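The values are calculated or read from the model by the stated rules, or taken from the named source; none is laboratory data. None of the values given here were measured: they were computed from a predicted structure. Don't worry about glycine lacking a Cβ; one is built from the backbone with ideal geometry, like all the others, and counts go over all protein chains shown.
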Amino acid sequence: MNITAKKSVNLQVNIGSLQLKNPIMPASGAFGEDMDSVIDFNEIAAIVPKSITKYPRKGNKTPRVCEVPAGMINSIGIQSKGIEYYLQHTLPYYRQYEVPLISSISADSFDEFAEMAETIGRVDGVAALELNISCPNLKGDGHAFGMDPESTYKLIHQVKQVTDKPVIAKLTPNVTSIQDIALAAEQGGADGLNVANTILAMSIDVHSRKPKIGNVMGGLSGPAVKPIIVRMIYQVRQVTRLPIIGCGGVMTGEDAIEMMLAGASAVQVGTASFVQPTAMLDILRQMVDYMVQYGIADINELIGGVIID
């Protein structure tokens, strides 16, 4: 069933120059080729494969995932087969689908980010680059490039010198002022912002007295983080006009609508797809039903539409 044709509503949104048929896409790390057996990839807004690194990476030690109330903690460590495998196998596979592909990049230095962006940006079929400057678990201490405005500006600016593809900065919520980081990304030349990655967290097994995550700390995702992300989207919207992709705790269509009212132009879905593999399409249907219920013809009317008395 073609969702976009089901009702007479406009679902198209833009992230800079990138046109999307609707606002729902996967969060990097929560999507893979095996999902093609349960959902039609051509129905979602974009394909966002797991973050790619230059060299193969084994990732963090196990256990890597644990459940917590209203969410989960993960510390995968950006397990990756490396950029050569990505170019030779991953990207060619996704070219069979009609929707845009957004490549998520993770690197260990400014120069490596720029090198990878230049290489991947030259590939036909790559519509945009998402720079993962926010992963909170690579070193086990919560450090990320996107925690510092100066580093954020420098990284984005350097990448923009080597590619003309739209660049989306994936911000970290593990900062005192996400507005400062958003402004630095905008000044560096970012075309859009992803708000945000997971929240640094820790859980301990009280019986063994050991951390439940092998890397001690990891990123909290799921419904528990949604109110925090909604707040951050709203704050970022107040200081920048860059389009925002909301990410964190979206489980239903109303969750996605809430993020759009706060200021997001599109929404990524992560944990919900682990719970229900068809979640993205379910959420999109619920959004269409909401629009019909309230007589909303164009979904762009919702962006930043929260009413503050």
**OP:** Filter the stretch 197-233 for residues that are out of contact with any strand residue (DSSP E or B) (no Cβ under 8 Å at 6 or more places or on another chain), surrounded by 20 or more Cβ atoms within 10 Å (Cβ to Cβ) and touching a residue at least 40 places away in the same chain (Cβ under 8 Å) and give the result.
**Re:** N215
**OP:** Can you work out which of the residues in the stretch 265-297 that are more than 28 Å from V65 (Cβ to Cβ) and part of a loop (DSSP other than H, G, I, E, B) is nearest to the chain's Cα centre (by Cα)?
**Re:** S265
Original post:
So is A256 surrounded by 17 or more Cβ atoms within 10 Å (Cβ to Cβ) and part of a helix (DSSP H, G or I) or not?
Top reply: yes
Subject >> Selection status of N60, surrounded by fewer than 16 Cβ atoms within 10 Å (Cβ to Cβ) and either out of contact with any helix residue (DSSP H, G or I) (no Cβ under 6 Å at 6 or more places or on another chain) or not in a loop (DSSP other than H, G, I, E, B) (or both) >> reply: no
Original post:
Tally time: how many residues in the stretch 298-309 are under 19 Å from A45 (Cβ atoms) and more than 22 Å from the chain's Cα centre (by Cα)?
Top reply: 2
Original post:
Hey, which of the helices (runs of 4 or more DSSP H) in the stretch 103-198, taking only ones fully inside, have at least 1 residues that are at pLDDT 95 or above and basic (K, R)?
Top reply: 149-160
**OP:** Taking only the stretch 241-251 into account, find how many residues are crowded, with 18+ Cβ neighbours inside 10 Å and either assigned to a loop (DSSP other than H, G, I, E, B) or touching a Phe, Trp or Tyr at 6+ places or on another chain (Cβ under 6 Å) (or both).
**Re:** 6
**OP:** Return the only residue of Q161, Q179 being over 17 Å from the mean Cα position of the chain (by Cα), farther than 21 Å from P23 by Cα, surrounded by fewer than 20 Cβ atoms within 10 Å (Cβ to Cβ) and in contact (Cβ under 8 Å) with a residue 60 or more places away in the chain.
**Re:** Q179
**OP:** Assess whether S104 counts as being among the polar types (S, T, N, Q) and within 22 Å of K21 (Cα to Cα).
**Re:** yes
Original post:
If you go through the stretch 216-224 one residue at a time, do you hit one that is under 30 Å from D289 (Cβ atoms) and part of a strand (DSSP E or B)?
Top reply: yes
**OP:** Filter the stretch 87-99 for residues that are closer than 18 Å to G29 by Cβ and crowded, with 17+ Cβ neighbours inside 10 Å and give the result.
**Re:** T90, L91, Y94
Subject >> Single unsatisfied condition, F31 versus (1) surrounded by fewer than 15 Cβ atoms within 10 Å (Cβ to Cβ); (2) in a loop (DSSP other than H, G, I, E, B) >> reply: (1)
